[in-house]
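Report on the following structure.
The values are calculated or read from the model by the stated rules, or taken from the named source; none is laboratory data. All figures in this text were calculated on a predicted structure; none of them were measured in a lab. Here the Cβ positions follow ideal geometry from the backbone for every residue, glycine too, while neighbour counts run over all protein chains shown. With ligands, DNA and RNA removed, areas are computed over all heavy atoms of the protein, side chains included. Shrake-Rupley method; radii C 1.70, N 1.55, O 1.52, S 1.80 Å.
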Amino acid sequence: MTELNAVAQATIAQAVETPAAAAASSASYETVGQPFLDSGAKMSMRDVDVFYGDKQAIFNVGLDIGQNEVLAMIGPSGCGKSTFLRCLNRMNDTIDICRVTGQLQLEGQNIYDPKLDVVPLRARVGMVFQKPNPFPKSIYDNVAYGPRIHGLVSRRAELDEVVETSLRKASLWEEVKDRLHAPGTGLSGGQQQRLCIARTIAVSPEVILMDEPCSALDPIATAKIEELIAELSENFTIAIVTHSMQQAARVSHRTAYFHLGKLIEVNDTEKVFTNPDHELTEAYITGRFG
Amino acid sequence: MSTSSLFVTLAVLIAVAYVLGRGRSMALADHSQRGFRNLNSLPFYYGMLTALWCGIPSLLLVALWLMLDGNAIDQLLIAQLPGEVAALSHAELGLVLNNIKNLALGNMVGANPEPYMVEAASTLTALQRSSQMAMTVAAISVAMVLSIIAWLRINPQQKARLQVETAFKVILLACASLAILTTIGIVFSVIFESLQFFKTVPVSDFLFGLQWSPQMAIRADQVGSSGAFGVIPLFVGTLLISLIAMIVAVPAGLMSAIYLSEYASSRVRSMVKPALEVLAGIPTVVYGFFAALTVAPFVRDSGVWAFEFLGLPMQISSESALAAGLVMGIMIIPFVSSLSDDVITAVPQSMRDGSLGLGATKSETIKQVVIPAALPGIVGGILLAVSRAIGETMIVVMAAGLAANLTANPLDTVTTVTVQIVTLLVGDQEFDSPKTLSAFALGLVLFVVTLALNYVALHVVRKYREQYE
Ligand SMILES: Nc1ncnc2c1ncn2[C@@H]1O[C@H](COP(=O)(O)OP(=O)(O)OP(=O)(O)O)[C@@H](O)[C@H]1O
Ligand SMILES: [Mg+2]
């Protein structure tokens, strides 16, 4: 009897706590909004925890990413956006001390299955990084890199074609078609980033993860990449981390707000930026912190 | 006062000057505020400035004095000697002076020294004593006077920090120029002696000659060969051994670098890397006897066995290019591996991420992205290792022999440029015979070759650095 009482009291105590305090203090919390989709989820994550050594960086995150959706992830610096994004194609495997638990699925397939080969996974879930990182090779070889290692083409003509279409999709073709054999590192920052996007597209992934792809770029290059994201979403599913709320508002369908490793709110982008459900989200988008 | 106790005295004076200078500046500080706000510089700099004025001029004076007084005393002594002795030739005069010096030190010179020598010896002792005395007085008074002046000039407006910084800059520059001047000195002496050599042996004979046998008749009546100074066999030997060494060192070094930088866990790395670097610390003479006593016999025995097996009639010497090259290769592994390890680690992680993110495996990433990106640096490292191999002497002396064979057979005995330089110069030599002088010409050629290699290597490495910084 007393035991039951105690439980009831604890529940009440939790209920009266403000959501902000709850999110900051306890490990189990509710994500507000619509993190899950009823149908058409391309990737679905449940109860994801990520640790760097003993330090936990992601707490119990659950989220779906829909087919052909552009999902924006926003949140203050250090809240774990990159960490979460890197879980989605197991790029965290390259960090020795990083440990991921929970269910992460790509079309129903567990991507952390120990028997799974990460090579085809990363071919299906491509990644564009914050800093443009073209290889010290020619523009052509940069784009041809993925198709070559995955054996996607057998003849030179096919490879030429893949390179051209990828560069076209990344709207870089016109600028580089006369110097395909010049080094990729000789391009401007914005061109390099589009080259990296072309390189990712060339493998024809199903999902593209972008970690602050425009943070090193000027407004014009940024506008080009945003345009590109809109076009790409016709064929690809995109998850993008950004620090620019305008950018999130412009390019994404849904927006996820992270705070201190927790997923606070996921809602349609318009709703997040006009009428967020959670006060932490509101505080962030109105610029009160972050 | 002896020179060493003079140095101790000066050190004490310098310390005292520092303390006094610092103290005076602190006394001049305005203590109504916290800290030393009214002083132009921190008290440390006033102390240093006083100490520098105390130390540098007096030490320079002592150095100059020690350099010059030997000669000056000799001159004074010669002026004192009886006329017929002073008129002797330069070499004989040197001999007499030497005897006098020995006498002054109390050593026996012959049975009964001539009276003028005894007299000169006592003059010498007196001269040396007064020179020492004068030096002591001069150095200490210079130190004291200058530090007192510096001490008196301390005032809050004095830019002590700037002056001390400038002084240190000059001191550092002097140290750097010492190394450069030495190099220049070596180069000039080598060039000068080589020119002497090329007076007797034409440059073309030297550079393109196919025969190396530097034994020459020293006296006209001696039976002996006239000497042949063709450098080609030596260079072929050097290249053969260096090539074998590089065939061992480049793959082993590069692969261990890749393993260490890409695959090894930090625990393994922290154990293997120092272990590899120990290899670099082993004296080459130790490698030399390892080569001569272990590897060379092994090479010979397995060669003999192999040829018997094949039924070929082959002679195998116990000294071979192969043995020397193998051991030299092992010696060079740490050079290649630690330089390559550095450049591979310097390839930005974002480059690897880009490749892995496209679904490349680790080995694909290494082969197609990391190594090409690091290649210029790796090549630079390898070139530095080559110049090290070319300059190596000890292993070759012990394991490859001395015979200047013009051969490409790794089982044959060969010799290298450095080994020949050593054999030409050890023992009793006449320093103006072509045989001895040829060592300088060899040195010059070697110097030019390694310089060119180093230049290329540094150039390549620098170009690589610019790429990522
Ligand atoms: N390799 C790592 N080792 C240890 N801790 C890490 C590592 N990478 C990230 N972290 C920690 O994990 C937390 C989340 O980092 P993460 O890089 O995911 O943040 P972020 O939201 O992407 O920040 P930003 O907006 O600044 O890029 C941080 O506290 C960070 O210190
Ligand atoms: Mg980040």
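Observations, loosely collected:
- Test for A:D141: is it under 22 Å from the mean Cα position of the chain (by Cα), within 14 Å of chain B (Cβ to nearest Cβ) and open to solvent by 30 Å² or more (accessible area, probe 1.4 Å): no
- Residue in segment B:343-358 that is touching a Gly at 6+ places or on another chain (Cβ under 7 Å) and outside any helix (DSSP H, G or I) present: yes
- Residue pairs whose Cβ atoms lie under 6 Å apart, sitting 6 or more positions apart in sequence or on different chains, and linking a residue in segment A:36-62 that is closer than 16 Å to A:Q103 by Cα to a partner that is within 12 Å of ligand 1 (Cβ to nearest atom) and in a loop (DSSP other than H, G, I, E, B), are A:I58/A:G80; A:I58/A:G261; A:F59/A:G261.
- Some residue of segment A:146-155 being more than 23 Å from B:Q368 (Cα to Cα) and open to solvent by 50 Å² or more (accessible area, probe 1.4 Å): no
- Considering only residues in segment A:212-247 that are within 13 Å of ligand 2 (Cβ to nearest atom) and among the β-branched types (V, I, T), the one that is nearest to A:L195 (Cα to Cα) turns out to be A:I240.
- For segment B:359-372, the set of residues classified as buried (at least 21 other Cβ atoms within 10 Å of the Cβ), part of a helix (DSSP H, G or I) and at the interface with chain A (Cβ under 7 Å from one of its Cβ atoms) consists of B:V369 only.
- B:Q157, sole failed condition from (1) out of contact with any helix residue (DSSP H, G or I) (no Cβ under 9 Å at 6 or more places or on another chain); (2) in a helix (DSSP H, G or I); (3) modelled with pLDDT of 85 or more: (2)
For (1) assigned to a helix (DSSP H, G or I); (2) more than 24 Å from A:P120 (Cα to Cα); (3) open to solvent by 20 Å² or more (accessible area, probe 1.4 Å); (4) within 16 Å of ligand 1 (Cβ to nearest atom), each residue gets a yes or a no:
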residue: A:V176; (1), (2), (3), (4): yes, yes, no, no
residue: A:T185; (1), (2), (3), (4): yes, yes, yes, no
residue: A:I197; (1), (2), (3), (4): yes, no, no, no
residue: A:M210; (1), (2), (3), (4): no, no, no, yes
residue: A:A216; (1), (2), (3), (4): no, yes, yes, yes
residue: A:E227; (1), (2), (3), (4): yes, yes, yes, no
residue: A:A256; (1), (2), (3), (4): no, yes, no, yes
residue: A:L263; (1), (2), (3), (4): no, yes, no, yes
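- Condition met for B:S141 (in contact with a Cys (Cβ under 9 Å, 6 or more places away or on another chain) and modelled with pLDDT of 90 or more): no
- Listed here are the strands (runs of 3 or more DSSP E) enclosed by segment A:28-135 that have at least 1 residues being within 16 Å of ligand 2 (Cβ to nearest atom) and away from chain B (no Cβ under 14 Å): A:41-52, A:55-66, A:70-74.
- Scanning segment A:118-137 for residues that are buried (at least 19 other Cβ atoms within 10 Å of the Cβ) and farther than 19 Å from A:T237 by Cα returns A:P132, A:N133, A:P134, A:F135, A:P136, A:K137.
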